[in-house]
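> Quick one: this structure, given as structure tokens, is what I'll be asking you about.
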Amino acid sequence: MSRGSLVEWLGDGPGCGAGMLALRAAREACREGGALVVIDPQGHFYPPAAAAWGVDLQNTIVVRTAPRQQSQGARQNQEPQNTGRNQGQWALDQALRCPHVAAVVAWPQQLDSRAFRRLQLAAETSGSVGLLVRSAAAQREPSWADLRLLVSPAGPTAVSDNRNNRSPTEPATWSWRLRIKLLRCRGGATQRTVELEIDERTGDIHATHSGNLAAQLADSAVDSRQARA
Amino acid sequence: MLACSRAARQLGVQVDLPVAEATALLRRAGGAATGPSSSHKATLHLETHDPAADRIALVKLATWCHRFSPLVGLEAAAAPDTLLLNVTGVTPLFGSEPTFVEQVTRRFQQQRLGVRLGLSDTVGAAWALAHFGPGNHGEPIGAEFNGAEFNGAGANSSGSPEIAVERLPLAALRLPDETVDILERLGLQQIGQLRELPRVELESRFGPQLLRRLDQAVGGVAELIQPIQPPQEFTAEWLFEYPMPQRRVVERLLRQLVEQLCFTLAEQGRGMLRLEGRTVCQDAATLRWEVGLFRPSTDAEHIWRLVETQFQRLSLPGPAIRVSLCASHHARLQVRQQELFDQPQRNVDSPQIATLVDCLASQLGRAAVVRCVLQRDAQPERGFRDVPLVDGGLRGRTAAAQQPVGGLLDRPLQLLDPPQLLEVLAVAPDGPPLRFCYLGTHHDVARQWGPERIETGWWRQRGIRRDYYRVETAEGRRFWLFRCLAERRWRLHGVFD
């Protein structure tokens, strides 16, 4: 991931870990300093999980755009759906424009091409990384993101070890397997698939098949930089 | 019992009475009053004494008293209960001294407060008159609910303080109780008698305080009032000569006022934290709006941008008559040196972030832009708290961050609030569901972790008892669900998304 880029994480159905991976990427982006902004349109973001996942909450600004109780209630009640979405997009745009924001994680519902382009320009000018977690249905929509990744579950871990010796309540393995498919990459090869394993005890992510994801992503980042140059 | 209302006093409750006795007294009175003639029953309402709150209230009252005098202070005592006002040269503005006293009393009564006044040339004599003067008789006053308590005023307008305090009891000298006790045992009752005794003797027997208090009462020694400063108000206002229907003009004027207010604040080294605005319109409701800021600022350009976004949402219901701004919260301006190069350490305290937070908060509301603080609470929904960043949210930064408990993937990133009812198709005995339906899709559970019993204490009004399971489906999706032990139903609480 290069600075000033947008990355789309498309989650293939519920419970597939796309948000977790995006948050991990955001954590890496914040390593050199800068704030993390989380734009939470539905009010579902759960900070304790993020903290356990290694995100520094002290350095995180959470923007809850879901209008719960607001002073301008009367005006917003007229079209809560629409304003809520627009506000989320607006907040995302503003956060991406701020040069001292290292990464923005957002769950945008819908993004039309123009709004998407605006976001991309915003990220490019400020140098922050925008991580957009969306549903797999967004595959058909146009994208201005530098990277578009489809995250899907890779099935349960093949129980190869001695499960019979353990009690059924105790898990045999401590990892979570996810599959990432590179749908779009600026100037890079697409349609590559990587399988990841998240170690639950250490939080390490390592690739199981198709080579190293980090290397692949680094390649694509280099490619995109070359493409821009 | 430190103070009581007049109704209680009529039933025999006195200051210094133990609470148990007062309760008993009232119960007896209540029992006696339950005859056919009386309909109301006396109940004792008790409040715990809070000296700090008393002091705060008195300081507030002192601020209010600035309408009578430019110099108002509290008496110099451990537990002050008296306000001192320097009214030199003030009384002619109210007419004369008696009319002044009358007006002050009336204004206090309008505030539903009882007051005892003493007016004299010295602080000591005025204090003595207020507490023990004619008509005051040392009776306790209290802020009565009916506000009818008024004990008159001991005003000593023409005579000297010596004559005024001559016949007052020794307790009027603001002396420690022991000293007064000893003096009374020696047969001394009034201040006048004390003044006839030789000063050297008094000093050697009772120390310097007795003479100082005596001199302060009669004017031999000067006494200063420690003034209470009224809180500074930063306001800017504009009155139109004729009602102004044009919005553009009102906006331009608002901008001018913002600049003016910023200038005034900057002069005092203060920065704005919250700005409240009012636009009074002809024949229509007053428009009110407010702008909160993340850090104190006097940057007129930035504040105007925030004001503009707020103001643009409102429609002017009628021609504007008056526009006013008030910086209701302000704090000392932190001067920050600009850096030549972009510093490598960029964090939440940077001015750029402050601008972003202000901007987001003015559009979305103060409660929408927050920092989350973890709390130690068993109930997952209460595991964190939102701290709004605007209006000095940074102050809480020093609080030690609560460390998350449990494993890395124990909690889902997306928590459904409220938990969704889950259609469960098959359940293992005393275990998690084996098959459930979520969003129209059937999921088979392949792996599970749990149960994790989460139960809150009986003191919670709506306590919970839940058995949580973390499950992984055959496809590899992860969910967090629980069985509510009270209603014996399954609910989905979170999605590992």
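The values are calculated or read from the model by the stated rules, or taken from the named source; none is laboratory data. All values reported here derive from a predicted model rather than from experimental measurement. Quick reminder, even Gly has a Cβ in these numbers, built from the backbone with ideal geometry, and neighbours come from all protein chains shown.
> Would you confirm whether any residue within the stretch B:266-278 is assigned by TED's automatic domain parsing to the domain that holds B:Gly365, over 17 Å from B:Leu253 (Cα atoms), part of a loop (DSSP other than H, G, I, E, B) and in contact with a Lys or Arg (Cβ under 7 Å, 6 or more places away or on another chain)? Before the answer, list the steps.
The first filter runs over the stretch B:266-278 and keeps only residues assigned by TED's automatic domain parsing to the domain that holds B:Gly365, leaving B:266-278.
Cutting the leftovers down to over 17 Å from B:Leu253 (Cα atoms) gives us B:266-274.
Cutting the leftovers down to part of a loop (DSSP other than H, G, I, E, B) gives us B:268-269.
Among the residues that remain, those that are also in contact with a Lys or Arg (Cβ under 7 Å, 6 or more places away or on another chain) are: B:269.
Scanning the stretch B:266-278 turns up at least one residue that is assigned by TED's automatic domain parsing to the domain that holds B:Gly365, over 17 Å from B:Leu253 (Cα atoms), part of a loop (DSSP other than H, G, I, E, B) and in contact with a Lys or Arg (Cβ under 7 Å, 6 or more places away or on another chain).
> B:Asp417: under 42 Å from the mean Cα position of the chain (by Cα) and within 14 Å of chain A (Cβ to nearest Cβ), yes or no?
Details: under 42 Å from the mean Cα position of the chain (by Cα): yes; within 14 Å of chain A (Cβ to nearest Cβ): yes.
Here the answer is yes, as B:Asp417 does meet what is asked.
> For the stretch B:197-229, name all the residues that are surrounded by 17 or more Cβ atoms within 10 Å (Cβ to Cβ) and among the aliphatic types (A, V, I, L, M).
Hits for the stretch B:197-229 are B:Leu202, B:Leu210, B:Leu211, B:Leu214, B:Ala217, B:Val218, B:Ile225, B:Ile228.
> If the Cβ limit is 8 Å and pairs must be 6+ apart or interchain, which residue in the stretch A:190-208 that is at the interface with another protein chain (Cβ under 8 Å from one of its Cβ atoms) pairs with which residue that is in a loop (DSSP other than H, G, I, E, B) and loosely packed, with under 13 Cβ neighbours inside 10 Å?
Going by the 8 Å Cβ cut-off, the qualifying pairs are A:Ile198/A:Asp204.
> Check whether at least one residue in the stretch B:380-389 is modelled with pLDDT under 80 and either more than 10 Å from every other protein chain (Cβ to nearest Cβ) or touching a strand residue (DSSP E or B) at 6+ places or on another chain (Cβ under 6 Å) (or both), and report yes or no.
No, there is no match, as no residue in the stretch B:380-389 is modelled with pLDDT under 80 and either more than 10 Å from every other protein chain (Cβ to nearest Cβ) or touching a strand residue (DSSP E or B) at 6+ places or on another chain (Cβ under 6 Å) (or both).
> Then there is this: Run down A:Ala66, A:Ala74, A:Ala52, A:Ala95 and say which single residue is closer than 20 Å to B:Ser362 by Cα and at pLDDT 85 or above.
Values: A:Ala66 fails: at pLDDT 85 or above; A:Ala74 fails: at pLDDT 85 or above; A:Ala52 fails: closer than 20 Å to B:Ser362 by Cα.
Step by step, each of A:Ala66, A:Ala74, A:Ala52, A:Ala95 is checked, and only A:Ala95 is closer than 20 Å to B:Ser362 by Cα and at pLDDT 85 or above.
> So, one more: May I ask you to say which residue of A:Arg179, A:Arg117 is within 12 Å of chain B (Cβ to nearest Cβ) and modelled with pLDDT of 85 or more? Walk me through it before giving the result.
Numbers: A:Arg117 fails: within 12 Å of chain B (Cβ to nearest Cβ).
Only one candidate passes the filter, namely A:Arg179.
> If you take the residues in the stretch B:186-241 that are among the acidic types (Asp, Glu) and in a loop (DSSP other than H, G, I, E, B), which one is nearest to B:Trp127 (Cα to Cα)?
Of the residues in the stretch B:186-241, the ones among the acidic types (Asp, Glu) are B:196, B:201, B:203, B:215, B:223, B:233, B:237, B:241.
Among the residues that remain, those that are also in a loop (DSSP other than H, G, I, E, B) are: B:223, B:233.
Values: B:Glu223: 12, B:Glu233: 31 Å.
Among those that are among the acidic types (Asp, Glu) and in a loop (DSSP other than H, G, I, E, B), it is B:Glu223.
> Please go through the stretch B:216-255 and give me each residue that is free of Cβ contacts under 8 Å to residues at least 24 places away in the same chain and closer than 30 Å to B:Glu162 by Cβ, ordered by number.
Selection gives B:Gly220, B:Val221, B:Ala222, B:Leu224.
> Moving to a separate point now. Out of A:Ala22, A:Ala51, I need the residue that is surrounded by 23 or more Cβ atoms within 10 Å (Cβ to Cβ) and more than 7 Å from chain B (Cβ to nearest Cβ). Which one?
Details: A:Ala51 fails: more than 7 Å from chain B (Cβ to nearest Cβ).
Residue meeting the stated conditions: A:Ala22.
> Take the residues in the stretch B:1-17 that are without any contact (Cβ under 8 Å) to a residue 60 or more places away in the chain and under 28 Å from the mean Cα position of the chain (by Cα), then tell me which one is surrounded by the most Cβ atoms within 10 Å (Cβ to Cβ).
Within the stretch B:1-17, the match that is surrounded by the most Cβ atoms within 10 Å (Cβ to Cβ) is B:Met1.
> Out of B:Arg462, B:Arg395, B:Arg489, which single residue is at pLDDT 85 or above and basic (Lys, Arg)?
On the way: B:Arg462 fails: at pLDDT 85 or above; B:Arg395 fails: at pLDDT 85 or above.
Selected residue: B:Arg489, the only one of B:Arg462, B:Arg395, B:Arg489 that is at pLDDT 85 or above and basic (Lys, Arg).
> Does B:Gly431 satisfy the condition of being touching a helix residue (DSSP H, G or I) at 6+ places or on another chain (Cβ under 8 Å), surrounded by fewer than 19 Cβ atoms within 10 Å (Cβ to Cβ), at pLDDT below 85 and facing another protein chain (nearest Cβ under 10 Å)?
Working: touching a helix residue (DSSP H, G or I) at 6+ places or on another chain (Cβ under 8 Å): no; surrounded by fewer than 19 Cβ atoms within 10 Å (Cβ to Cβ): yes; at pLDDT below 85: yes; facing another protein chain (nearest Cβ under 10 Å): yes.
Judged against the criteria, B:Gly431 is not a match.
> Without any contact (Cβ under 8 Å) to a residue 60 or more places away in the chain and surrounded by 14 or more Cβ atoms within 10 Å (Cβ to Cβ): which single residue out of B:Leu261, B:Leu287 fits that description? Let's see the steps before the verdict.
Working: B:Leu261 fails: without any contact (Cβ under 8 Å) to a residue 60 or more places away in the chain.
That would be B:Leu287, the only listed residue that is without any contact (Cβ under 8 Å) to a residue 60 or more places away in the chain and surrounded by 14 or more Cβ atoms within 10 Å (Cβ to Cβ).
> Right, here's the next one. Name the residues in the stretch B:264-280 that are without any contact (Cβ under 8 Å) to a residue 60 or more places away in the chain and surrounded by fewer than 20 Cβ atoms within 10 Å (Cβ to Cβ), would you? Quick ask: steps written out before the conclusion?
The initial filter retains those residues of the stretch B:264-280 that are without any contact (Cβ under 8 Å) to a residue 60 or more places away in the chain, namely B:264, B:267-268, B:272, B:275-280.
Those that are without any contact (Cβ under 8 Å) to a residue 60 or more places away in the chain and surrounded by fewer than 20 Cβ atoms within 10 Å (Cβ to Cβ): B:Thr264, B:Glu267, B:Gln268, B:Glu276, B:Arg278, B:Val280.
> When the stretch B:473-497 is examined, which residues are found to be of a type in the set (Gly, Ala, Ser) and away from chain A (no Cβ under 11 Å)? It would help to see each step written out before you state the result.
The first filter runs over the stretch B:473-497 and keeps only residues of a type in the set (Gly, Ala, Ser), leaving B:474, B:476, B:486, B:494.
Answer for the stretch B:473-497, where residues must be of a type in the set (Gly, Ala, Ser) and away from chain A (no Cβ under 11 Å): just B:Ala486.
> Sticking with this structure for a sec: Need at least 3 residues that are at pLDDT 80 or above, among the aliphatic types (A, V, I, L, M) and out of contact with any Asp or Glu (no Cβ under 7 Å at 6 or more places or on another chain) per element, so show me which helices (runs of 4 or more DSSP H) inside the stretch B:5-104 make the cut, counting only ones lying wholly within it.
On the way: elements: B:6-10, B:19-33, B:51-64.
By residue number, B:19-33, B:51-64.
> Separate question: Hey, among B:Leu316, B:Leu340, B:Leu293, B:Leu306, which residue is more than 10 Å from chain A (Cβ to nearest Cβ), modelled with pLDDT under 85 and surrounded by 14 or more Cβ atoms within 10 Å (Cβ to Cβ)?
Details: B:Leu316 fails: modelled with pLDDT under 85; B:Leu340 fails: surrounded by 14 or more Cβ atoms within 10 Å (Cβ to Cβ); B:Leu306 fails: modelled with pLDDT under 85.
One residue alone meets the criteria, B:Leu293.
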